[in-house]
């Protein structure tokens, strides 16, 4: 694989994790892939389930690679994604309810390649952004709720 091929494969994988599109797993990831999104998995079917768990969380994903460092069989990708947070997203033990707003995520993904397939995939991003967005959405709704309570 050329460096451009590796970057294209990594970008496709990152986009799939944000969009909840597990259809890319076959053909892009090795069968025994070791991956960590929110939970560690050690197989392509396990990764597909992790990706599917994100289906509907984000829409209208606008992904930009801000920096990439290619070390041969390992690629580090820094990225930002402008997304519309349209559905619930579980990260570890926290469930982020949809904010119904556009937000910007910042992350880094480490991708390891072997024989043209992704064998290692570790993704880290700032989920605190969603907490901030959730708090902001709650603050905006609070005056409307108070107003309804006072009328009754």
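The angle between the Cα long axis of helix 128-151 and the longest principal axis of the Cα atoms of the chain comes to about 20 degrees, rounded to the nearest 10. Taking every alpha-carbon pair under 8 Å whose residues sit at least 6 apart, the chain reaches a relative contact order of 20 percent.
Computed log10 I(q)/I(0) for the stretch 3-151 at 0.11, 0.13 Å⁻¹: -0.44, -0.59, from the Debye equation with unit scatterers placed on every C-alpha and solvent omitted. Can you tell me the orientation of helix 3-19 relative to the chain, as the angle in degrees between its alpha-carbon axis and the longest Cα principal axis, to the nearest 10? Long axis of 3-19 versus the principal axis of the chain: about 30 degrees. Computed over the alpha-carbon atoms, the stretch 33-120 gives an Rg to Rh ratio of 1.00, Rh here being the Kirkwood radius from the mean inverse distance. Of 71, 47, 18, the sequence from fewest to most neighbouring Cβ atoms within 10 angstrom is 71, 18, 47. Principal axis analysis of the Cα atoms in the stretch 14-54 yields extents of 22, 22, 14 Å, listed in decreasing size.
Relative contact order, whole percent, for the stretch 1-62 stands at 36, derived from Cα pairs under 8 Å and 6 or more residues apart.
Rule-based calculations on the coordinates, nothing more; no lab input. A quick note: this is a predicted structure, and the numbers were derived from the prediction, not measured. Glycine gets a Cβ as well: all are built from the backbone with ideal geometry, and neighbour counts include every protein chain shown.
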